[in-house]
Structures are given as C-alpha cells and as structure tokens.
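Encoded as structure tokens, the structure appears first; notes follow it.
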Amino acid sequence: MINSIIGSGIFGLPADVARLIGRASPWAVLLAGTAAGVIMACFAEVASQFTQAGGPYLYARAAFGRLVGIEMGWMLWLVRLAAPAATANLFVIYCGEFWPHAKEPLPRFLVLTFLYGVLTLINYRGVRASTQVSNVFTVAKLVPLFLVAIVGSFYLLAGHQAAPILPGGAGAGAWLKACLLLVFAYGGFETALTPLSEAKNPRRDAAFALFTALITCTLLYSAIQWVVVGILPDPAHSERPLADVARIVFGNGGAAFVSVGALVSVVGYLSANILGVPRITFALAENGDFPSIFAAIHPRFRTPYVSILAFAVLSWLLALLGSFTWNATLSAVARLLYYGLVCAALPVFRRKQPGAAMFRLPAGTLFAVLGTGICAVLITGVNLSGSLILLATAVVAMLNWLLVRNRHPGETLAP
C-alpha cells in the first residue's frame, strides 16, 4: 500500500505546492492528508466487504450498477494513463541534472520515446522480465526520499534555515489548487486494492494497510515539504527541489545521488504501470465490459499485447502534450470522481449488505458525506482542458455501456 501511494510525484510536487501556498505549504500537506484520510476511511469499510479483484470499478458496479461501474473503469484507466505521463515528465526534469538540454523539445521527445519504447518492449515480450525490472527499482525511490526527510530535518533543527523567497497571503483558490495537486501524491492506494483476490485475508487486512500507509505517507510528505521550504532560498522556482536540498546539505554529490534516485524511481514506476495497468483493461475486456480486442493475447509471448500497446501509446502522448503539473492534476481529478463514488457507496452497502463489512467505520455515514463533499469541492479546481478530457472519457464510457448493457458477464464485446 505504501509503495502504491509513494510514487515519483513527490520528487516534483514540493515546488508546485510552495509556489501556490508559500511557507504555509506544510500545513497544506497535512490538510490534504486529513482529507485523504476521510476518503481512505470510507474505502476501508467498503473494501472489507469484498474478496474479489477490481477495486473502485468493482465497488461502483456492485453499489450503483453496470453503467457506473464501466464509467469508473474508464476513469480508472484515465488515471493510470495520466499518472505515468506526469512522472515521465519528471524523468526529463531530473535528467536536467546531468544533461541541461533535456527539457528542450527534441531532446524531450527523444527521452520520452526511448523511455516508453524500452519499457513497452520489455513488457510486450513477457511478464517475467517486466516483473524483474519492476522489483529491481521498487525500493530505490524510498532511499532518497527518507534521506532528504531525515537529514534535512536535522539540518533545520541545527539552525541552518534559509530566508526563502515565497509568496504570502495565498487565497482560497491557491489552497484548492494545492490540495488538488496533493491528491496526486496521496492517491494510488486504490491500485493496491485492485488485486485483492490474491491477498491472504483481504477483508481483514485492507483497513490496516490503508491507515498504516496514510500515517506513514503523511509524516514523510510533511517532513519533505517542511525541509524544502526551510532550506531552499527559492523553493517555488526549483525544478528539482529534492536534488537542490541535497545539494545544499551534501554538495553536488548529494544532488546527483537524489537525481539518480528520482530517475530510478520513475523507471520503476513506469515499469510497474506498464506491467499492471494493461491487465486491468484485459480483465475488463474478458468480463465483457471493454471491447474484446483489449483481451487479445500474443500468440508467442502470451501477453495482452493490444492492452500494452494502447496504454503505452496513450500515456506517451499525454506525456508529450502535457507537463508534469498538468498530467498530475488530470490524474487527481479523475481519481476524485471514483473516490467520491466509493464514499457514497458506503451507506448504500450498509443497506444492501448489512453486517457484511469486517471493518465498520464509526460514524460511517458522516464520513461518507464528508468524503463525497471533499471530492466535489476539489473537482471544481479542474481547468478547461482537463474538463474536456474527462467529458470525452465519460462519453466513450457511455457508448461502451450502450454496446454491452444487454450482455452477460463473460460475453465478449466485438471491437
């Protein structure tokens, strides 16, 4: 669960949040953590009623029917396309530590194409190699993060505090945008809930994993934000905030170490997504809720190659056409749609399946109302381009439902 939440976004988000909120940005991290906690508490009760795979798609379908389930399946796919696209842009940004021209149009195109191309080829040829690549890079992202948080905190406590250039008096709009961005940092826990059919005791363990991960991530993120705004002289305009902190504390070697950690983290994150996300669309297609072409299996490599290629091409395009912040915001807003629905599903399940939850949330209905309200308020922060993409995704999902609404689960949908 912790690994699903702590992606690569934390290597770039502290500067964006500092730009919006200024010195009060650590409080924004705590506020966003509290909001995420309300939503995760609702997920804890809902997830404790299921042993099947599917996560938010499964919960929405069980509570509100097939149409809503398919809509959330498409939104889940959009999230999993935009989040890797955001982190791929971080790869380009942190390449700038070693190659200053990396952000220029042609080098950026080449870097992104090479990154997606190599990882797609590995996954296209088989699951064993892609799993090994993902495992190699999984822990690497945590080392530089904890190093910056712990050593940076001691550095500040020792009195080495800068007088940073930061905006003051941020308004409600800035706080809303900051919290919306931070949903990207706290999101991802639903990814760990998706394959629960393979867990030993999913109904018992989901709640424990959610709350443990929430506490861990909130403490880590808050410490990193405090360190960034306390140590950097101009954190709002830092392209590589964690590397810049390491440069001040450890010198150029520290900056290089953190930058390598960020690059490794992005490769691991992208590899895990190219491995896992196509299996979601493959499963939806096998269940008759997605076009059957997504369930196509390569005759030699036995991989869902159409799902893999569709994911890689679409995420690559989002990475090329959007920035880190734009893709992170799009991913966060799409997440909020199914977060809100799962919160709203809590009282529905209490009526439909009384006593089914292994974990029962105290004042659950109040949490459901708060969680749904939080999601509704944060969604208002989406910009026009993001709104159009969300609308287009919803329309495609509706057309998808029109084609499958009379089919029974397991029947395939013609491409």
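Laboratory data are not the source of any read-out in this text; all were calculated from the coordinates shown. Predicted, not measured: the structure shown is a model, and the values here were computed from it. Counting neighbours? That spans all protein chains shown, and the Cβs are built from the backbone with ideal geometry, glycine included.
Points to keep in mind about this one:
- Mean separation of Cα pairs under 8 Å and 6 or more residues apart, divided by the residue count, gives segment 242-327 a relative contact order of 17 percent.
- With Cα atoms defining each centre, segment 1-45 and segment 360-386 are spaced 15 Å apart in the structure.
- Where trypsin sites (Lys or Arg not before Pro) in DSSP loops with at most 11 other Cβ within 10 Å are excluded, longest remaining stretch of the chain: 1-199
- The radius of gyration of the Cα set in the chain, together with its Dmax, comes out at 20.9, 67 angstrom.
- Residue order, fewest to most surrounding Cβ atoms within 10 angstrom, among Glu97, Glu45: Glu97, Glu45
- Projecting the Cα positions of Leu384, Val228, Ile274 onto the charge dipole of the chain (unit charges on Cβ atoms of Lys, Arg, Asp and Glu, taken about the Cα centre) puts Ile274 furthest along the positive direction.
- Relative contact order for segment 284-413, counting Cα pairs under 8 Å that sit 6 or more residues apart, in percent: 41
- Two-site FRET efficiency, Leu317 against Trp27, from Cβ-Cβ distance with R₀ of 56 Å, rounded to 0.05: 0.95
- Mean separation of Cα contacts under 8 Å, 6 or more apart, over the residue count of segment 2-404: relative contact order %: 36
- At a Cβ-Cβ separation cutoff of 4.7 angstrom, cysteine residues of the chain with no neighbouring cysteine are Cys95, Cys179, Cys217, Cys375.
- Helices in the chain that qualify as membrane-span-like (whole DSSP H runs, Cα extent of at least 20 Å along the helix axis, mean Kyte-Doolittle hydropathy of -1.0 or higher) are 25-47, 66-95, 105-125, 142-157, 172-186, 202-231, 252-286, 305-321, 324-352, 364-379, 384-404.
- Sorted by Cβ density within 10 Å, fewest first, the residues Ile374, Ile248, Ile308: Ile248, Ile374, Ile308
- Computed over neighbours whose Cβ is under 15 Å from that of Pro26, the net charge equals +1, Lys and Arg +1, Asp and Glu -1.
- When Phe211, Phe290, Phe109 are sorted by how many other C-beta atoms sit within 10 angstrom of their C-beta, beginning with the fewest, the order is Phe109, Phe211, Phe290.
- Taking 0.36 nm per residue of separation and subtracting the current Cα-Cα distance, fully stretching the chain between Glu239 and Ser385 would add 50.2 nm.
- Proximal lysines to Lys103, defined as alpha-carbon separation beneath 30 angstrom and excluding residues fewer than eight positions away on the same chain: Lys141, Lys177
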